[in-house]
Amino acid sequence: MTSPHSPITATMPCRSCDMEISAIARECPYCGAEQFDTRSSALAMRDMPSDKRALTTGLLCLFLGVFGAHRFYVGKYVTGFLQLVTLGGLGIWMLVDLIMLITGQFKDKEGRPITEI
Ligand SMILES: [Zn+2]
């Protein structure tokens, strides 16, 4: 139950301050630095890139962004519909989405970044 290698009890040095913190901690309790990679598989799954393609999402956003097409594509139906009725937030919202996408920060409905081309 309490094996030292259990992901629940295991500790790892913080990426930022090197304090021993829980291996599944998302943030260091000492310095607040965000922890990623080499973490538990559950968190690794969450940080996996989306299976949606950035190129497809980008093209949809570029040509059909005012209809929220790229948001429908990644499964964000509610905000996609909002974009549809506001014409992509009068173009501003879709432009923000496009910039987020280019910079690798646009996420799908599971919160996974869309980075695969
Ligand atoms: Zn730290």
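The values are calculated or read from the model by the stated rules, or taken from the named source; none is laboratory data. From a predicted model like this one, the values you see are computed outputs, not experimental measurements. Positions of Cβ are generated from backbone atoms using ideal geometry, with glycine treated the same way; all protein chains shown enter the neighbour counts.
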Members of segment 65-86 found to be exposed (fewer than 15 other Cβ atoms within 10 Å of the Cβ) and part of a helix (DSSP H, G or I), listed by number: Tyr77, Val78, Phe81, Val85
Neighbours by Cβ (under 7 Å, 6+ apart or cross-chain): first from segment 15-31, of a type in the set (Asp, Glu); second more than 10 Å from the ligand (Cβ to nearest atom) and in a strand (DSSP E or B): Glu20/Thr11
So Val85, is it out of contact with any Phe, Trp or Tyr (no Cβ under 8 Å at 6 or more places or on another chain), away from the ligand (no atom under 16 Å from the Cβ), under 24 Å from Asp97 (Cβ atoms) and modelled with pLDDT under 95: no
